[in-house]
Structures are given as structure tokens and as C-alpha cells.
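Notes follow once the structure below has been shown.
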Amino acid sequence: MEVKVLAIKEDILGANKERARKNQKRLEEHTILGVNVMSSPGAGKTSLILKTIERFKAKVRMAVIEGDIASRMDADKVHQQGVPVIQINTGGACHLDANMIEQALNHLSLEQVDLILIENVGNLVCPAEFALGVHKKIMLLSVPEGDDKPHKYPLMFTEVDVVLVNKIDVLPYFDFDMSSFIQAMAGLNPAAKVFKISCRTNEGLEAWFFWLQEEINQIRRKKQS
């Protein structure tokens with residue numbers, strides 16, 4: 001008897017997509033922009049989120065959903081900034097899924113939120129496959145990881161709306177060919193924005209902040225139309 005592994009996977013992904021659609025509808029009903037933040041471990045997701053909180057929390061009502069296999073270290077850092085945060089420990093799963101996000105939304109006061117940043121589990125493979133119900137997907141690639149990652153993990157780079165190349169302050173010390181990376185992105189995903197940033201020195205972050213503010217404004221305009 002044939003083992004239908006692919007069919008099983010399709011069923012799982014199909015059910016996840018349906019739940020993701022419900023999550024997105026729920027966010028839109030509350031005029032909330034949902035952003036899925038992805039990267040490999042150590043690329044700077046939490047640092048980016050903390051910088052974004054610092055920039056926006058005075059004018060945008062924010063919440064964060066933290067995804068990790070274990071621990072609550074990153075959630076504690078967000079909590080210290082006075083922002084509502086939900087920690088999801090996957091217990092071994094290498095990604096968040098729509099069911100996890102639905103449960104997290106159940107524990108947030110959505111009528112008091114304009115922006116939800118979701119920090120996915122550090123991984124360049126699985127998170128790209130599982131829809132969460134967000135409006136935008138972004139990923140961070142740090143300079144020490146190398147410029148060849150779009151060739152090794154094409155799905156991730158094809159799926160996202162924004163790529164942030166983080167840690168450009170150490171660019172002189174690593175063999176990272178920025179022009180080669182930009183060329184690879186243009187071939188895989190020409191619609192994606194690429195921002196060169198450093199969360200340590202703040203270089204390039206204003207471009208990211210401007211893009212995010214425009215996306216928040218667009219969600220608001222969509223609700224009004």
C-alpha cells in the first residue's frame with residue numbers, strides 16, 4: 001500500500017491555511033496590521049522588535065507574539081518595554097502555525113492593538129511554509145550568515161515582502177557580497193524590499209520604520225473605504 005506522505009502534508013497545510021484566513025479576517029476586523037518576523041537563530045529578530053517598539057510605542061498600540069522552542073527570555077525583554085506580549089513555546093516544533101497564533105490572539109485585547117509583531121522560531125525552512133494569517137512577512141539575514149542564503153533557502157526569500165540585511169556594521173570583516181545578494185533577490189523576488197540595517201548602530205532603521213508606518217496607514221485606509 002502506498003504511503004501518502006505528500007497528501008498528508010497537503011492536508012495539514014490546507015487546514016492551516018484555512019485557520020490562517022480566519023486569523024487575518026479577525027485582524028482586519030480590528031484594523032490590526034500583522035507582521036511575521038522570520039530569520040535563522042541569532043540574526044537579530046528580537047533586537048529589531050525592540051528597536052521598533054522604541055520607535056513606535058508612543059504613537060502605535062503594539063503587541064508582540066514570541067515564538068520559541070523553549071524559554072521566555074525574549075518575551076521578558078518585550079514586557080520590560082511595557083508592551084503586551086504572548087509567549088508561545090512550541091516544545092520542539094521548528095515553526096509557529098495558525099492554530100498557535102489563534103490561541104495567542106485569544107489572550108490579547110485586540111480592540112486596543114494597531115500592530116502585532118510575531119517573532120517566529122529561528123529557522124530558514126519551516127516558517128516559510130506555514131501561513132499565520134498576517135498581512136506581511138519579513139525576514140532578517142545577518143551579514144555573518146553569508147550572501148549565499150537565497151540560493152540555499154529560496155522558499156523563504158521568495159515568500160517574504162521585506163528582507164532586512166542586519167549587522168552591516170560588521171560588513172568589512174566578513175566575506176559578504178552585497179551586490180551579489182541584491183542580484184539574487186532580484187531574481188527570486190523582485191517585488192521584495194531590501195533594507196540594509198544595523199540594530200546595534202541604528203543605521204538604515206529609518207527606512208524600515210517608514211515602510212512599516214506606511215503599511216499601518218494602508219490597513220487603516222482599507223478599513224475606512
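The values are calculated or read from the model by the stated rules, or taken from the named source; none is laboratory data. Computed from a predicted structure; not experimentally measured. Please note: Cβ atoms are built from the backbone with ideal geometry, for glycine as well, and neighbour counts cover all protein chains shown. The area values use the complete protein model at the heavy-atom level, side chains included, leaving out ligands, DNA and RNA. Shrake-Rupley method; radii C 1.70, N 1.55, O 1.52, S 1.80 Å.
Remarks
- For region 169-198, a tally of residues being under 19 Å from Lys45 (Cβ atoms), of a type in the set (Val, Ile, Thr) and surrounded by fewer than 20 Cβ atoms within 10 Å (Cβ to Cβ) returns 2.
- Residues of region 13-46 that are of a type in the set (Gly, Ala, Ser) and either touching a helix residue (DSSP H, G or I) at 6+ places or on another chain (Cβ under 6 Å) or open to solvent by 30 Å² or more (accessible area, probe 1.4 Å) (or both): Gly14, Ala15, Ala20, Gly34, Ser39, Gly42.
- Phe157 being aromatic (Phe, Trp, Tyr), buried (at least 21 other Cβ atoms within 10 Å of the Cβ) and not in a loop (DSSP other than H, G, I, E, B): yes
- Selected residue [in contact with a Phe, Trp or Tyr (Cβ under 9 Å, 6 or more places away or on another chain) and of a type outside the set (Val, Ile, Thr)] from Ala15, Ala98: Ala98
- The numbered conditions (1) surrounded by fewer than 16 Cβ atoms within 10 Å (Cβ to Cβ); (2) at pLDDT 95 or above are all true for Asn99 except (2).
- Qualifying residue in region 45-61 (condition: over 20 Å from Trp211 (Cβ atoms) and among the charged types (D, E, K, R)): no
- Within region 199-223, being among the acidic types (Asp, Glu) and either open to solvent by less than 80 Å² (accessible area, probe 1.4 Å) or part of a helix (DSSP H, G or I) (or both) holds for Glu206, Glu214, Glu215.
- Qualifying residue in region 182-190 (condition: part of a helix (DSSP H, G or I), closer than 27 Å to Asn16 by Cβ and at pLDDT 95 or above): yes
- The residues of region 104-137 that are part of a loop (DSSP other than H, G, I, E, B) and of a type in the set (Val, Ile, Thr), listed by number, are Val113, Val121, Val125, Val134.
- Here the condition is being closer than 28 Å to Phe174 by Cβ and among the hydrophobic types (A, V, I, L, M, F, W, C); of Met139, Met62, it holds for Met139 alone.
- Test: residue in region 66-81 that is in contact (Cβ under 8 Å) with a residue 40 or more places away in the chain and surrounded by 22 or more Cβ atoms within 10 Å (Cβ to Cβ): yes
- The listed residues are Lys57, Lys77, and the only one of them that is among the basic types (Lys, Arg), touching a Gly at 6+ places or on another chain (Cβ under 9 Å) and more than 18 Å from Lys22 (Cα to Cα) turns out to be Lys57.
- Members of region 86-123 that are closer than 25 Å to Ala58 by Cα, out of contact with any Asp or Glu (no Cβ under 6 Å at 6 or more places or on another chain) and free of Cβ contacts under 8 Å to residues at least 24 places away in the same chain: Ile86, Asn106, His107
- Just one residue in the set Val143, Val134 is modelled with pLDDT of 95 or more, open to solvent by 10 Å² or more (accessible area, probe 1.4 Å), of a type in the set (A, V, I, L, M, F, W, C) and in contact with a Leu (Cβ under 9 Å, 6 or more places away or on another chain); that residue is Val134.
- In region 108-122, the residue that is surrounded by the fewest Cβ atoms within 10 Å (Cβ to Cβ) out of those that are more than 21 Å from Glu214 (Cα to Cα) and touching a strand residue (DSSP E or B) at 6+ places or on another chain (Cβ under 8 Å) is Leu108.
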